[in-house]
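Beneath this line is the structure, given in structure tokens, with notes to follow.
The values are calculated or read from the model by the stated rules, or taken from the named source; none is laboratory data. Just so you know, these numbers come straight off a predicted model, no measurement behind them. Note that each Cβ is placed from the backbone with ideal geometry, even for glycine, and that neighbours are counted across all protein chains shown. The protein model used for the area step is the full one, side chains on, heavy atoms only, and it has no ligands, DNA or RNA in it. Shrake-Rupley method; radii C 1.70, N 1.55, O 1.52, S 1.80 Å.
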Amino acid sequence: MTDENTTTRIDDLGRELRKEFDEVVVLRRTYEQAWVDALRQYKGIYPPEVMARLAAMDTKDGQRSKIFLRMTKVKCDAIQARLMDLLFPANGSMNWGINPTPNPNVREEAVQAGLQAFIDSGGDPSQLDEEAFRRDIAQETCRAMERAMRDQLAETPKRQSYRKTCDSLIAHAVRYGTGVLKGPLVEKRTRMGYESVNGEWQLKEVDDGLWPFFEFVPIWGIFPDLAATNKHEARFIWQEHLMTDKDLQGLSRFPKFNPDAILQYMREKPEGDAERREYELAVRQLSEDQAAPDLKGRYRVLERWGFLTGRQLRAAGLEVSEDQDAHVFSSNVWLLGNRVVKAVLNPMQGVDFPFFFYHFSKDESSFFGEGAPKLMDDCQAGINASVRMLVDNAALSSGPIIGINMRALAEGQDPEKLHPWKVFLFDEAADMDQLMKSWNLNSNSRDLITILELFQAFADELTTPRYMYGDQNVGGAGKTASGLSMLMGAANIAIKSLVKSFDDDVTIPFITALYHWNMQWNEDVAVKGDYNVVAMGSTNLVAKELRAQQHQILLGVTSNPRFEGMTNDKKWLAHVFRDSEMPEDIVRTDEEFRAWKQEQMTMQAKAQADALLQSLIEQAEKAGIGPQEAFMQVLKSVSPMIAQGGAGMAQGQEVAQ
């Protein structure tokens with residue numbers, strides 16, 4: 001009887017939560033249409049209603065232009081690349097760090113081990129500054145934690161690296177307005193390794209312990225509480241997983257899942273339960289292969305993170321006392337159809353929702369943000385209209401419009417077949433002056449190009465200027481190097497805001513959650529301690545910009561003749577290359593520089609000797625001196641120069657050294 005009551009309560013909870021999810025699905029459809037429009041604009045495809053309107057303008061004699069200038073794709077890709085370059089520099093430096101707290105709590109075991117090592121090295125414990133010593137121990141364990149976290153964020157055979165995951169996240173944020181990062185959660189990893197068995201090495205699956213995992217979640221698979229405008233106000237966040245029958249069967253073997261409920265559901269629905277959603281059909285129609293996806297053998301599995309009351313959790317089979325029925329707990333529930341196949345309390349400390357949202361342009365009235373396609377929607381439409389008119393006008397004005405007087409031609413003549421050396425026959429000579437008349441249509445190319453450039457300038461203002469991604473066709477201050485540098489510095493203000501938002505919404509909370517994960521699950525006690533997470537994306541951007549400005553100022557100072565020779569040019573150049581993230585091996589070594597200097601001086605001395613030799617030979621010929629005598633005079637004149645050149649080269653080597 002008890003089992004029947006428990007099953008009934010679980011089924012009731014499953015239906016209640018499924019109703020909650022279905023309501024969110026309906027509410028999210030408005031956003032889905034906006035995302036489909038953004039993807040259509042990014043791919044350079046006209047909306048159906050616009051395409052129908054353009055097709056209605058076609059005639060049997062010709063079609064109107066349907067060019068789509070894909071400025072949206074260029075803008076999105078440029079912004080994504082720029083953000084990735086700033087947040088994840090090519091030199092491999094991190095955009096985050098951890099530091100001990102001002103008054104760190106240090107494990108007593110670590111203090112005693114450090115103290116013993118200090119004594120063993122001959123130190124006097126009575127002379128030891130205990131507070132400074134504890135800070136040093138905290139700094140050492142902090143660096144160990146940082147190394148462990150960097151290893152966890154690296155790429156593995158089955159998981160993408162943190163950098164690649166964030167690349168996908170930023171791409172979705174720029175394109176659709178919101179990117180989603182999930183994690184860190186716990187998984188038990190195995191790896192393939194070799195073991196020696198009876199003297200022979202065999203490849204076996206080796207247990208690699210507990211690891212944190214994280215992943216990028218496409219915007220299409222996330223269903224948040226749309227009554228909230230951010231995750232801190234949300235009651236729940238749903239994620240939809242589209243799984244094959246094999247994936248679902250594998251899920252039944254994971255801890256805390258109900259394998260009987262999963263396998264029973266698969267027996268009841270052997271063909272799967274996944275039905276095509278409207279947005280899936282719309283997205284598929286934007287691809288070259290517009291065939292509807294076959295969802296046979298696929299299941300939609302729902303994962304819910306959020307808050308449930310003690311009564312609801314007890315109904316799901318969790319051990320919660322009745323006096324906590326009104327209490328709210330952070331939990332994780334999985335649904336298959338209307339059935340609860342997993343229900344657990346949130347195992348993560350300090351994290352209610354393992355989702356981190358990055359918004360390109362945050363909309364205060366909505367949970368989701370706005371992407372670059374939405375911001376430049378009108379500009380893209382204006383650019384397309386300008387280009388279409390430009391092409392249509394160019395086609396019409398490319399040649400004259402000709403009128404033919406059919407009465408003037410002899411019978412059987414075809415005036416429509418015009419070509420060079422065309423011969424027309426006339427019955428009357430007077431008709432030759434009345435054969436045809438032509439009209440030339442005006443070309444409005446200049447005006448249309450002006451309109452096109454105006455919409456491009458608007459798009460630059462709303463997103464990112466063209467010179468930020470290499471377009472050197474810039475007028476005004478951008479025609480000079482210093483002016484272009486000033487413009488790029490001003491444009492970096494908007495980029496700084498995007499970088500700062502990433503630091504605040506993703507870097508700090510996610511790395512903090514990863515720190516909590518290690519404090520809770522990492523078996524290595526040597527890495528644990530009291531630390532603070534620091535984001536350095538915006539800091540690196542500001543520092544890089546300041547260094548670039550300082551380089552220009554200091555270069556002007558060191559170029560002053562009064563300070564000539566006071567700075568080490570090679571070290572200065574190496575420093576500039578390093579700050580610019582350029583390879584330092586471009587700068588010549590001392591030996592390479594000496595060889596180059598000697599080569600330059602040898603070539604210069606040879607050129608001077610050749611010029612003098614030619615001049616003396618010409619003078620000898622004018623004076624009527626014979627070849628032998630002229631040669632002796634030339635040798636006498638050139639010898640001091642050769643000796644002086646050799647001494648100069650030796651002196652140049654000493655200077656180079």
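In table form, for the structure just shown:
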{"item": "Backbone HN-Hα couplings from phi across the stretch 53-64 [Karplus 6.51/-1.76/1.60, Hz, Gly and Pro as x]", "result": "5, 5, 5, 5, 7, 5, 10, 5, 8, x, 10, 7"}
{"item": "Solvent-accessible surface (1.4 angstrom probe) belonging to T8, in square angstrom, nearest 10", "result": "70"}
{"item": "Alpha-carbon centroids, the stretch 330-384 and the stretch 598-622: separation in whole Å", "result": "77"}
{"item": "For the stretch 305-462, with +1 on Lys and Arg beta carbons and -1 on Asp and Glu, the positive-most of G310, V387, A430 along the dipole", "result": "G310"}
{"item": "Solvent-accessible area of R150 with every protein chain in place, 1.4 Å probe, in Å² to the nearest 10", "result": "120"}
{"item": "Surface accessible to a 1.4 Å probe, E16 within the full protein complex, Å²", "result": "90"}
{"item": "Shape parameters for the stretch 302-372, alpha-carbon atoms, Rg then Dmax in Å", "result": "15.7, 51"}
{"item": "Ranked order, Y265, Y194 - accessible area, probe 1.4 Å, largest first", "result": "Y194, Y265"}
{"item": "Given charges at beta-carbon only (K, R positive; D, E negative), |dipole| of the stretch 200-244 in Debye", "result": "300"}
{"item": "5 angstrom amide H check on R339, placed H, neighbours 5+ away", "result": "none"}
{"item": "Phi-based couplings in Hz for the stretch 436-445 (Karplus 6.51, -1.76, 1.60; Gly and Pro marked x)", "result": "8, 9, 10, 10, 9, 7, 6, 8, 9, 4"}
{"item": "Sequence of W421, W596, W201 from largest to smallest accessible area, 1.4 Å probe", "result": "W421, W201, W596"}
{"item": "Order of exposure, largest accessible area first, which applies to M432, M57 with probe 1.4 Å", "result": "M432, M57"}
{"item": "Summed side-chain charge close to R70 - residues other than R70 whose Cβ falls under 12 Å, Lys, Arg +1, Asp, Glu -1", "result": "+3"}
